[in-house]
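Taking it in order: structure first as structure tokens, then the write-up.
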Protein chains: 2
Amino acid sequence: MALAETEIPTASVSADTALDGRFGPAVALSCRECGARYDLGPSFACIECFGPLEVAYDFGRVTREQIAAGPASIWRYRALLPVPDGVAARPNMAPGWTRLVNAGNLARELGLRSLHVKDDSGNPTHSFKDRVVAIAVEAARNFGFHTLSCSSTGNLAGAVTAAAARAGLDACVFIPADLEQAKIVMASVYGGRLVGIEGTYDDVNRFCSELIGDELGERWGFVNVNLRPYYAEGSKTLAYEIAEQLGWRIPDQIVVPVASGSQLTKIDKGFKELIALGLVEERPYRIFAAQAEGCSPVSAAYKAGQDVIRPVRPDTIAKSLAIGNPADGPYVLDIARRTGGAVEDVTDAEIVDAIRLLARTEGIFAETAGGVTVGVLRKLVAEGRLDPDAETVVLNTGDGLKTLDAVAGEARPTAVIRPSLDEFRSVIA
Amino acid sequence: MALAETEIPTASVSADTALDGRFGPAVALSCRECGARYDLGPSFACIECFGPLEVAYDFGRVTREQIAAGPASIWRYRALLPVPDGVAARPNMAPGWTRLVNAGNLARELGLRSLHVKDDSGNPTHSFKDRVVAIAVEAARNFGFHTLSCSSTGNLAGAVTAAAARAGLDACVFIPADLEQAKIVMASVYGGRLVGIEGTYDDVNRFCSELIGDELGERWGFVNVNLRPYYAEGSKTLAYEIAEQLGWRIPDQIVVPVASGSQLTKIDKGFKELIALGLVEERPYRIFAAQAEGCSPVSAAYKAGQDVIRPVRPDTIAKSLAIGNPADGPYVLDIARRTGGAVEDVTDAEIVDAIRLLARTEGIFAETAGGVTVGVLRKLVAEGRLDPDAETVVLNTGDGLKTLDAVAGEARPTAVIRPSLDEFRSVIA
């Protein structure tokens, strides 16, 4: 039974509701700190210890064949996600199943034996955010929310407004007012409300936390606040796809960007689930976290050997990673240390170089966030901290068309001429 | 045996070469006007009558199962394309297998029973050009060309330079100097040479024809000139994918954009091949051609009941369709008339409206070319020239991020505020 439209969905839904299949194999929310369990609901923090909640499952049997028979989208993994079995038939963006590019040219240039780029610029709004939003949309429907909202560094705002348009939901999203033009146009073209906030992403985020406590926002689905436990699960599909596309094998090493840190923790969770379900062989893997130097609170803590993340005020061209107070930072430190990975950062100049490097070797035009991961990959190889003989995957989570300014200064015509062979001869000599 | 690097590949290759599998099922080039046949070579015009050449095949048996077992790219149709059997393993962009979106919201708004959007913005460089370039790259390799070139309205330049980077070929591409910034950055970021020409696309095209006759360009593979017969075949994959994604069925009606007209003719060819091979049931289908009013030479000829296309000087925001002297225009007229379709055009204002319409109903942010097809679709439905009860497909061939200026004037934040609930209340009231 759907929630009545007038009901205010602050309480969690009953166990019966969870069991009617609307959340697929998900059975509860559990606290990542103290393990307390809650019924599935639009909640995100533990009442006992204020720790973050995450989705807990009872998977049953899941086979490779069952997955392979599914659609060319994240819905092939619906048996591993908090969504109903018929999710693929509902109007949604059907993101995922993006290319895993065998990056032989870049591997040779860096001195690696085997390198793949997981290229999430192929998603509908050209960033990995379509994955997480698609799960949040299903949760919003289940909880009877009619307005989707978020705080965003840009990519998420576009993903939310697009998904809301297609799902028939209202949208009202919040961004720092100084974002790239492409992200602003994209976030407003789909027809939802887009509100620019004078301030940093962290200011926007604080504003949204206030809003959700106010009657104005209390019946809204904030994908990265009250729907966050569901939303975050979408990032697991990156792990699933990489493993399946490698022929059901977890790579030895993976380089992942860190904004809030959520994506990295969910990739780790995804790999663990595949192992637990017997879908891949158990083997050690190392997760490397990548930040921009101008917003590197996790990298700074890692290098200082600390467990506490000290918030920073971001100043980097990698705006999609510019979260100065990353919620999942401590978990990122844990995972990097536990798996034998590392956390590293690169300068804005190194980011631009890495964007050019990836473009001219593999024909992939990455967002600044992709420059961060490829730049960190290059740095780790150069410093001997990444095994050059091990199978490596690097993530590109966004699209260069959204951060044109980063490379516009150097990515220009070789020459501009009149249509004359003589002029052409003179410029190519 | 590969052509020696010093050999000038103006002559056609021998029949033996064709039969070694490097061109897959392709067996010859044939003249579309007089039917004269030639060995497979880097030729594009009939020596007898100057008609355009196209690829002729000997397909043998091709099954649905064989195709479905292939990769999630155009290479699943390699048995229907002039490429070798092992093409998927070579470094290329692996384009295609883009989403066919069930556009229920847009259908309802227009009053159609069934509408799908074939969304080619999901290709690696976000336009359908990746499809045609991928085939041209294979032909270039077969003919021993080391430099890829083209005249382009923007999308093609990016597709060529990206594909060349990944394939390890040099690139030198030509565009009108006044293109959108996104297309200029994209076409130069991959590291090839990008030359802006002061003039229209038709000036650029004439310049390239001169260049190919000059010793400077005689050993270059111009994807849309001397490799055109191969290149053009890539558009057939749009027809194949649409049919397969509909459950192996040809739609009743399809709306296709017209620049040179090549894409439309190849979609027709693709449908015919599927019927001839028994992969789909034979049924009538109607092909509708869409142009921007500011560059509508084919539409003008159609409306005037003429067979001859009178070239125009383009003036439209739909720059990717701004070809004033479309090579395949007469074939487009033929096909629209033969299938019971039509050729129609829309104004720049209607293009912008249609971009917004598609975005707010389906979450798809189309390039101006997508505004042209959706705008023409809307016009044809409103005028009762399209059957509202018949299964309809409309093409979006490019990405809104490349033509931001078209909508930047209206796609803006609802408001910009300080992070305060009071300010927010005042702007959403």
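The values are calculated or read from the model by the stated rules, or taken from the named source; none is laboratory data. Quick caveat, the model's predicted, so the values are computed rather than measured. All Cβ positions, even for glycine, are placed from backbone atoms using ideal geometry, and neighbour counts span all protein chains on display. With ligands, DNA and RNA removed, areas are computed over all heavy atoms of the protein, side chains included. Shrake-Rupley method; radii C 1.70, N 1.55, O 1.52, S 1.80 Å.
Yes or no: B:Val132 at pLDDT 95 or above and at the interface with another protein chain (Cβ under 10 Å from one of its Cβ atoms)?
Numbers: at pLDDT 95 or above: yes; at the interface with another protein chain (Cβ under 10 Å from one of its Cβ atoms): no.
Judged against the criteria, B:Val132 is not a match.
Condition check ((1) touching a Gly at 6+ places or on another chain (Cβ under 6 Å); (2) in a loop (DSSP other than H, G, I, E, B); (3) crowded, with 21+ Cβ neighbours inside 10 Å) across all residues:
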| residue | (1), (2), (3) |
| --- | --- |
| A:Leu380 | no, no, yes |
| A:Leu386 | no, yes, yes |
| A:Asp389 | no, yes, no |
| A:Val393 | no, no, yes |
| A:Val407 | no, no, yes |
| A:Arg412 | no, yes, no |
| A:Val416 | yes, no, no |
| A:Glu423 | no, no, no |
| A:Ser426 | no, no, no |
Report yes if A:Arg360 is within 12 Å of chain B (Cβ to nearest Cβ), surrounded by fewer than 24 Cβ atoms within 10 Å (Cβ to Cβ) and at pLDDT 95 or above, otherwise no. yes
Here the residues within region B:241-254 that are more than 21 Å from B:Val374 (Cα to Cα) and crowded, with 24+ Cβ neighbours inside 10 Å are none
Scanning region B:404-423 for residues that are within 7 Å of chain A (Cβ to nearest Cβ) and of a type in the set (A, V, I, L, M, F, W, C), the one farthest from the chain's Cα centre (by Cα) turns out to be B:Leu421
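Taking the residues in region A:342-357 that are small (Gly, Ala, Ser) and open to solvent by less than 10 Å² (accessible area, probe 1.4 Å) as candidates, determine which candidate is nearest to the other protein chains (Cβ to nearest Cβ).
First pass over region A:342-357, keeping only residues small (Gly, Ala, Ser): A:342, A:349, A:354.
Narrowing further to those that are open to solvent by less than 10 Å² (accessible area, probe 1.4 Å): A:342, A:354.
Numbers: A:Ala342: 29, A:Ala354: 12 Å.
By that ranking, first place goes to A:Ala354.
I'd like to check which helices (runs of 4 or more DSSP H) are fully inside region B:121-237 and have at least 1 residues that are aromatic (Phe, Trp, Tyr).
Numbers: elements: B:129-143, B:155-167, B:181-189, B:201-213, B:228-233.
Counting at least 1 such residues, we get B:129-143, B:201-213, B:228-233.
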What are the pairs with Cβ atoms under 6 angstrom where one residue, in region B:343-360, is at positive phi and the other, located anywhere, is open to solvent by 10 Å² or more (accessible area, probe 1.4 Å)? Sequence gap at least six, or different chains. none
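Results for (1) more than 14 Å from every other protein chain (Cβ to nearest Cβ); (2) open to solvent by less than 20 Å² (accessible area, probe 1.4 Å); (3) in contact (Cβ under 8 Å) with a residue 12 or more places away in the chain; (4) of a type in the set (Phe, Trp, Tyr), shown as yes or no for each residue.
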| position | (1), (2), (3), (4) |
| --- | --- |
| A:Arg22 | yes, no, yes, no |
| A:Ala28 | yes, yes, yes, no |
| A:Cys31 | yes, yes, yes, no |
| A:Arg37 | yes, no, yes, no |
| A:Cys49 | yes, no, yes, no |
| A:Tyr57 | yes, no, yes, yes |
| A:Ala68 | no, no, yes, no |
| A:Ile74 | no, yes, yes, no |
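Here is a yes/no grid of residues against (1) more than 24 Å from B:Gly324 (Cα to Cα); (2) touching a Ser or Thr at 6+ places or on another chain (Cβ under 9 Å); (3) hydroxyl-bearing (Ser, Thr, Tyr):
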| residue | (1), (2), (3) |
| --- | --- |
| B:Asp170 | yes, yes, no |
| B:Glu198 | no, no, no |
| B:Leu216 | yes, no, no |
| B:Phe222 | no, yes, no |
| B:Ile242 | yes, no, no |
Single match in B:Pro284, B:Pro251 (criterion: touching a residue at least 60 places away in the same chain (Cβ under 8 Å), assigned by TED's automatic domain parsing to the domain that holds B:Leu321 and not charged (D, E, K, R)): B:Pro251
Residue that is farthest from B:Arg360 (Cα to Cα) [pool: residues in region A:146-194 that are away from every other protein chain (no Cβ under 11 Å) and crowded, with 24+ Cβ neighbours inside 10 Å]: A:Thr153
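Output yes when any residue across region B:154-172 is under 17 Å from B:Gly398 (Cβ atoms), of a type in the set (Val, Ile, Thr) and in contact with a strand residue (DSSP E or B) (Cβ under 7 Å, 6 or more places away or on another chain), and no when none is. Step through it out loud before you land on a result.
Within region B:154-172, the first condition is being under 17 Å from B:Gly398 (Cβ atoms), and the residues that meet it are B:154-163.
Checking which are of a type in the set (Val, Ile, Thr) leaves us with B:160-161.
From what's left, in contact with a strand residue (DSSP E or B) (Cβ under 7 Å, 6 or more places away or on another chain): B:160-161.
Yes, that holds for at least one residue.
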Considering only residues that are under 21 Å from the mean Cα position of the chain (by Cα) and facing chain B (nearest Cβ under 9 Å), look in region A:195-207 and name the one that is nearest to B:Arg360 (Cα to Cα). A:Val204
Which numbered condition B:Thr339 misses (of (1) within 20 Å of B:Val101 (Cβ to Cβ); (2) open to solvent by less than 60 Å² (accessible area, probe 1.4 Å)): (1)
